[in-house]
1. With the crude spin-label approximation of a point 7 Å out along Cα→Cβ, what separation in nm comes out for residue 44 versus residue 6?
2. What residue among 46, 12, 35 has the largest mean-square fluctuation in a Gaussian network model of the chain, using Cα springs under 10 Å?
3. If contacts are Cα pairs under 8 angstrom and at least 6 residues apart, what is the relative contact order of the chain in percent?
4. Across bins of 10 angstrom width beginning at 0, how are the C-alpha pair distances of the chain distributed, in whole percent?
5. Once every DSSP H run of n ≥ 4 in the chain is given -39500 (n - 2.57) and the sum is divided by its residues, what mean residue ellipticity at 222 nm do you get, rounded to the nearest 500 deg cm²/dmol?
6. Could you state the accessible area per residue of the chain in Å², with a 1.4 Å probe and every protein chain left in place?
7. Name the most mobile residue of 17, 59, 25, meaning the one with the largest mean-square fluctuation, in a Gaussian network model of the chain with Cα contacts below 10 Å.
Amino acid sequence: LEVDGAVDLPALVAATGVTRPMQDGTRLHVGVAELGRAAPQLLTWLAAHGHGVHRISSGRADLEDVFLSLTGRQLRD
């Protein structure tokens, strides 16, 4: 997601049940078990807390995504 402003990640997790939230500037990355159920709740929470959403994309996590979520660092050659 691309969002406006800094998101309170602990509050987001508590309210929506997303996992592994990470924000890098305007990009917000979250993990969800069921996209169809999580997306409306996530978007509603963001709007209620004053965060405009400018872009949404989804995809399956790859090895680099898993490494980044566990370590907070990028894979290096």
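The values are calculated or read from the model by the stated rules, or taken from the named source; none is laboratory data. Keep in mind that this is a model prediction, so the values were computed, not measured. Methodologically, a virtual Cβ is constructed for each residue, glycine included, from the backbone with ideal geometry; neighbour enumeration extends over all protein chains shown. With ligands, DNA and RNA removed, areas are computed over all heavy atoms of the protein, side chains included. Shrake-Rupley method; radii C 1.70, N 1.55, O 1.52, S 1.80 Å.
1. In this crude label model, residue 44 to residue 6 measures out at 2.8 nm.
2. 35
3. 32 percent
4. In whole percents, the pair-distance histogram is 18, 54, 25, 3, 0.
5. The per-residue figure over the chain is -12000 deg cm²/dmol.
6. Dividing the accessible area of the chain by its residue count gives 72 Å².
7. The residue that fluctuates most here is 59.
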